[in-house]
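What follows is a single structure, written as structure tokens, with notes after it.
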There are 2 protein chains.
Amino acid sequence: MPFGPRGGDALDAALDDRDALGFVFIGRGPDPNLRYLTGREFDTTVVYVRVAGESHLRVPSTIETPEIPGVTTRIDDKPPGKAAATVLGSEATSGTVLAPQTIPHDAALHLESAGYDLASTPVLNEVRAVKDDDERAAIETVQRAARRGIARAAEILADATTDDRTLVWDGAPLSTERIRRQVNVALAIEGVDAAGATSVDVGGRERSGKTAAEDDTSAVVLRADDPVVVSVAPRGRDGYRSALARTFVVDADGGWERRAHVACDAARDVALVEAGPGADAAFVGSEIRAETAAFGFSPSEEVARDVGGGIGLSLRESPPLDGDTELAAGNVVRVRTAVSDPENGRIELVDVMAIDDDGPTFLGDPPTSLDPAAWSQ
Amino acid sequence: MPFGPRGGDALDAALDDRDALGFVFIGRGPDPNLRYLTGREFDTTVVYVRVAGESHLRVPSTIETPEIPGVTTRIDDKPPGKAAATVLGSEATSGTVLAPQTIPHDAALHLESAGYDLASTPVLNEVRAVKDDDERAAIETVQRAARRGIARAAEILADATTDDRTLVWDGAPLSTERIRRQVNVALAIEGVDAAGATSVDVGGRERSGKTAAEDDTSAVVLRADDPVVVSVAPRGRDGYRSALARTFVVDADGGWERRAHVACDAARDVALVEAGPGADAAFVGSEIRAETAAFGFSPSEEVARDVGGGIGLSLRESPPLDGDTELAAGNVVRVRTAVSDPENGRIELVDVMAIDDDGPTFLGDPPTSLDPAAWSQ
């Protein structure tokens, strides 16, 4: 396990700044904050307390007591709020305690009735937004796996033959669901988890012919002129996510796909120009949208809602690219450009961009080609 | 998407019982309660309110507004507590509002300052513990995929050759990590998500020789006499989990493995005898442990902590097999039997049991054989 606990120094600074006694986080299972603070996942609710420069974890007796370097871990089967109060009590029986504003209500009431004053803090979101070298490397490793997943989809589409415009692969009609499974196989071979986030779709294209796959009646059989959007967001073993989406067309019958793809590609490049340290996040988002518009396309509804934002242990974290934030070196940001049209479908590109002191780069810099045969692994 | 919203009737009954105005749930992303209430997953925080026999969902403008049959969905970018109060306000401006006791503290404060009295309810845990036919079928489908995953591990172990007692497969030393990836490939082919829950290990066996796999330095090269515990808990596309673990030995050099395996298998059978509707859950747990002891083995630490419990949208949910609960028809329960020994390693079997009116059955009833060559797919 290369990832140990993180965030202690930032918590201490926040405590110092607010003249507070301690910090409490109560979380469960795949909670990314808990993963950040402990380097682990838990199947059950556990309690993290930072007090007097030390990290403490309280876990129920139903799970194995983990050994985490730098974190004092004990069994405590009391309700989480009481367990937290017990840890704090060894330092002081009153004082200000910082916690995320979403701390469970029952725990907050326990802490208040034990004599502490609760105050909310955004410190976890803030510290997680700036990645260290190990975190950045972890995301880049997952992004390489993501690229292999997308490459598998490109390979299948490039290999497909056509039967009256319907795509056929490996002896059977090629559906979105068949590609999705093959992409997930490629991700599994790379040792990452698909995280339920792999999708293969044909945008808003009207379809009458659907096929019922074994467990997914929404699987659509593809035609040669469909723009096929393949999107993955796998999770590595250490919990870090990446995100990559590409659109492929086997045999375009019109110019719309190519023109829309050029617009998305150009909008993607805008991120590389604008998203340096110190840039205003909302400005970057609006410039990406403006570039799409400059090519005569409206950004798709998806991009109108979400042009991207921080990625790490969560798929969506700080900073949002629409937010009132200044980008900083260490931010790692998902960037989405997309154009959609009720008749023609959707073109979408998603990448992950790391912002360094000398500017942004796309992790792994995967190709953007619309032609699956041109997509190198 | 075969799974729509659930739980409305149970919520209405709880509201009626407590003379309450409405029920509020605030959740995010993979939250299983949110999945249960809406049939969906969300990347962001959303608000569910049940009031006047109707379900309402409030989502931020950053995500696509989902269309869910029977759920009135609107965009609301206010903080979750305020959004919930707005929905409740269309019915009444005061009254008792039920919520899980872990409702986010900031939302609870918003609701209270808006004039509502908050009261906690365990109704979600209770209703989720009793599965309907569709839910049971969903878990059984995932368990069939889990079986294919375990079968892949058995196949590899059965095919492996030995080189000075080290297992060799496909031209290279066979490590736990290589098996883990192959199991995940098999799960991906079945269309389910490994959910980060696949593990392949040799129990507590002492080892000096380790190999560094690409991204996991803890991968252990296997020997012919290692009891290899292969454990999976995949998630289907509709969110339901299953759990299956088997232990294989390629070439046992002592009798311990066989005797320990017989004990675990017998303890597993005890569940089939004891776990009918109306049985005391804690009694079932203690009987399973007692059977292991009757063969002269102490249940492993893992089983001492966790002999099993409800499984569904969560890997661990109600009823726990150690809890003060009565089992009921409709419960679906994970059952774990295991024996460990510092010198010999660990034997473990995990299954999922459905409890029907006429008694319990193991879903899919997969074989338990210790010999990988005898494990049929």
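How big is the C-alpha Rg of the stretch B:290-361 next to the rule-of-thumb value 2.2 N^0.38 Å, as a ratio?
Values: Rg = 13.4 Å, N = 72, 2.2 N^0.38 = 11.2 Å.
This ratio for the stretch B:290-361 stands at 1.20.
Sorting check: for B:160-168, B:235-243, which peptide has the highest mean count of neighbouring beta carbons within 10 Å, and how do the rest follow?
B:235-243, B:160-168
At a threshold of 8 angstrom on Cα-Cα distance, excluding pairs fewer than six apart, so keeping six or more, what relative contact order does chain B reach in percent?
14 percent
Distance check, please: which entries in A:Lys131/B:Lys78; A:Lys82/B:Lys131; B:Lys78/B:Lys131 exceed 31 angstrom between their Cα atoms?
A:Lys82/B:Lys131; B:Lys78/B:Lys131
Can you list the distances in nanometres, one decimal and ascending, from the B:Gly278 label point to the identical position in each other copy, with the point 7 Å along Cα to Cβ?
Those label-point separations list as 7.8 nm.
Only counting other Cβ atoms within 10 Å, I'd like B:Phe23, A:Phe3 sorted with the fewest neighbours first.
Neighbour counts put them in this order, fewest first: A:Phe3, B:Phe23.
Between the helical axis of B:256-274 and the dominant principal axis of chain B, each derived from Cα atoms, what acute angle in degrees is found, rounded to the nearest 10?
Once rounded, one gets 30 degrees.
Sorted from fewest to most neighbouring beta carbons within 10 Å, what does the list B:Asp351, A:Asp134 look like?
A:Asp134, B:Asp351
Viscosity 1.567 mPa s, temperature 4 °C: give me the Stokes-Einstein translational D for the protein assembly as shown in µm²/s, with Rh taken as the Kirkwood radius over C-alpha pairs.
For these conditions, the coefficient is 47 µm²/s.
Using helices alone, what [θ] at 222 nm do you get for the protein assembly as shown, with -39,500 (n - 2.57) per DSSP H run of 4 or more residues, divided over all residues and rounded to the nearest 500?
-10000 deg cm²/dmol
If you add up the charges near A:Pro366, with Lys and Arg at +1 and Asp and Glu at -1, over every other residue whose beta carbon is less than 15 angstrom from its beta carbon, what do you get?
Around A:Pro366, the charge tally is -1.
Quantify how strongly other chains surround peptide B:179-187 by giving the mean number of their Cβ atoms within 10 Å of each of its Cβ atoms.
Whole-number average of other-chain Cβ neighbours for B:179-187 is 4.
For chain B, what is the Kirkwood estimate of the hydrodynamic radius, computed as the reciprocal of the mean inverse distance between distinct Cα atoms, to one decimal in Å?
Here the Kirkwood hydrodynamic radius works out to 22.4 Å.
Between A:Ala294 and B:Asp251, what is the spin-label point distance in nm, taking each point 7 Å from the Cα along the Cα→C-beta axis?
Modelled inter-label distance: 6.9 nm.
For every other residue with a beta carbon closer than 14 angstrom to the beta carbon of A:Asp9, add +1 if it is Lys or Arg and -1 if Asp or Glu, then tell me the sum.
Values: positive: A:Arg6, A:Arg50, A:Arg128; negative: A:Asp12, A:Asp16, A:Asp17, A:Glu54, A:Glu126, A:Asp132.
Residues near A:Asp9 contribute -3 overall.
Starting from 0.36 nm per residue, how many nanometres of slack lie between B:Thr96 and B:Ala266 once their C-alpha separation is accounted for?
Length gained, B:Thr96 through B:Ala266: 56.2 nm.
Starting from a label point 7 Å past Cα on the Cβ side, list the distances from A:Asp159 to the same position in the other copies, nm, shortest first.
1.7
Taking N as the number of residues in the stretch B:70-172, what is its alpha-carbon radius of gyration divided by 2.2 N^0.38 Å?
Dividing the Cα Rg of the stretch B:70-172 by 2.2 N^0.38 Å gives 2.01.
Provide, in order from the shortest bin, the percent of all Cα-Cα pairs of the stretch A:21-77 in each 5 Å bin, continuing until the bin that contains the maximum pair distance.
5, 20, 35, 28, 10, 2
Taking each residue of A:59-71 in turn, how many C-beta atoms of other protein chains fall within 10 Å of its C-beta, and what is the average?
Per residue, the average neighbour count from other chains is 2.
Hey, for B:Ala13 with labels 7 Å out along Cα-Cβ, what do the inter-copy distances come to in nm, ordered shortest first?
Output for B:Ala13: 5.3 nm, nearest copy listed first.
Could you list the square roots of 5 times each eigenvalue of the Cα gyration tensor of the stretch A:8-128, that is, the equivalent ellipsoid semi-axes, sorted largest first and rounded to whole Å?
So the three semi-axes of the stretch A:8-128 are 20, 16, 13 Å.
Apply the Debye scattering formula to the stretch A:217-356, with a single equal point scatterer on each alpha-carbon and no solvent, then give log10 I(q)/I(0) at q = 0.14 Å⁻¹.
These q points yield log10 I(q)/I(0) values of -0.65.
Only the coordinates and a few stated rules stand behind these numbers; no lab work does. Everything numeric here is computed off the predicted structure, so don't read it as measured data. We place every Cβ from the backbone using ideal geometry, glycine too, and count neighbours over all the protein chains shown.
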